[in-house]
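Data block below; observations after.
The values are calculated or read from the model by the stated rules, or taken from the named source; none is laboratory data. Computed from a predicted structure; not experimentally measured. Methodologically, a virtual Cβ is constructed for each residue, glycine included, from the backbone with ideal geometry; neighbour enumeration extends over all protein chains shown. Side chains included, ligands, DNA and RNA excluded: accessible areas come from the protein's heavy atoms. Shrake-Rupley method; radii C 1.70, N 1.55, O 1.52, S 1.80 Å.
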Amino acid sequence: MSDLVENHWQHQYIETNRIRLHCVTQGEGDLVILLHGFPEFWYSWRYQIPPLSRYFKVVVPDLRGYNDSDKPQSGYDLDTLSADIRGLIASLGYAKAHVVGHDWGGAIAWHLAEKFPSCLDRLAILNAPHPHRWLHEMAGNVDQLRRSWYVFAFQVPGIPEWLIHQNLKDFVKKVFQEQAIRKGAFTAELTRIYQEALEKPGVLSAAIAYYRQLMAPQNWLSQWGRSPDPVTVPTLVLWGEEDSFLSNRLTEGLDRLIKAPFTLKFVPHCGHWIQQEVPHLVNRELINFLRTPANALS
């Protein structure tokens, strides 16, 4: 992490929802929470923390089960994961926050906005489908099923984490560098940093538990045929157009799920790892969105 030593972020542990989340914080002002995805940790937001901290108090947790946060046996469903973040906001002394989520962090952010809009000020989503839309596509979109083959592989107990652990260096390289469109975003040093975070005891099992909870039959049954509650906070969606994991079709119809000012922007020549592939663009869009007066949002 030597390239970022000049930044003045702080590390701390924050109690929330009966667990401890390791968080990186920087800045003062209105609260911005950045939520990472699979198989990352707080470090995926390294390029966003300093610029955002010029205007906001930025807090970046390792999600439940990841890196240095607690790794309980249970609680990897969206309700509990959202409760972790609601508790984090309260523990920091705030009533609400701007929440920015990528990948799984985006799924949690969508869920927060749907179920607990009073704790959100604004919502920003980076390459993360609305959970309702994702389940719908998984039921009938052959292209998305092909892209999400690993989700089904993860349902086998024990074997996926064992196989990944045996080939962790190759796994990290394939997931990040080989799937990125802008390959230069993922150096050998960065691959090593992600590998070290995934090697920590319990991390792989916890990370895969997110997918097992999402695909659990009771979750499908509870969601099937139900119309989600509309998102009622101003929302920005940034989407790398060449995402190898998520079809662009997942962005269709989002306007019907959002009853608030909503902007969708596609980013050309960019893959799934958008905040790492095009950090300057993401920083500019986030700062503009989060700082625009409410009456000026379209």
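Values for this structure:
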| item | result |
| --- | --- |
| Tally, over the stretch 250-264, of residues that are touching a strand residue (DSSP E or B) at 6+ places or on another chain (Cβ under 8 Å), assigned to a helix (DSSP H, G or I) and either open to solvent by less than 60 Å² (accessible area, probe 1.4 Å) or of a type in the set (S, T, N, Q) (or both) | 2 |
| Of residues in the stretch 45-82 being in a helix (DSSP H, G or I), in contact with a strand residue (DSSP E or B) (Cβ under 8 Å, 6 or more places away or on another chain) and not polar (S, T, N, Q), the one surrounded by the fewest Cβ atoms within 10 Å (Cβ to Cβ) | 50 |
| Some residue of the stretch 279-293 being assigned to a loop (DSSP other than H, G, I, E, B) and either modelled with pLDDT of 95 or more or within 18 Å of residue 104 (Cα to Cα) (or both) | no |
| Residue check, residue 87 without any contact (Cβ under 8 Å) to a residue 24 or more places away in the chain and more than 25 Å from residue 195 (Cβ to Cβ) | no |
| Any hit, the stretch 240-249, residues being modelled with pLDDT under 95, open to solvent by less than 30 Å² (accessible area, probe 1.4 Å), in a loop (DSSP other than H, G, I, E, B) and over 17 Å from residue 101 (Cα atoms) | yes |
| Search result, residues across the stretch 235-277 that are among the hydrophobic types (A, V, I, L, M, F, W, C), touching a helix residue (DSSP H, G or I) at 6+ places or on another chain (Cβ under 8 Å) and more than 18 Å from residue 48 (Cβ to Cβ) | 245, 246, 250, 254, 257, 262, 264, 266 |
| Residue 255, sole failed condition from (1) of a type in the set (Asp, Glu); (2) closer than 25 Å to residue 56 by Cα; (3) modelled with pLDDT under 95 | (2) |
| Answer residue from the stretch 89-147, given it is of a type in the set (S, T, N, Q) and open to solvent by less than 40 Å² (accessible area, probe 1.4 Å) and is nearest to residue 232 (Cα to Cα) among those | 127 |
| Failed criterion for residue 191 (all others in (1) in contact with a Phe, Trp or Tyr (Cβ under 8 Å, 6 or more places away or on another chain); (2) open to solvent by 40 Å² or more (accessible area, probe 1.4 Å); (3) of a type in the set (S, T, N, Q) hold) | (2) |
| Test for residue 185: is it in contact with a helix residue (DSSP H, G or I) (Cβ under 8 Å, 6 or more places away or on another chain), free of Cβ contacts under 8 Å to residues at least 12 places away in the same chain and open to solvent by less than 60 Å² (accessible area, probe 1.4 Å) | no |
| Among the candidates 293, 261, 234, residue that is without any contact (Cβ under 8 Å) to a residue 40 or more places away in the chain and in contact with a Leu (Cβ under 6 Å, 6 or more places away or on another chain) | 261 |
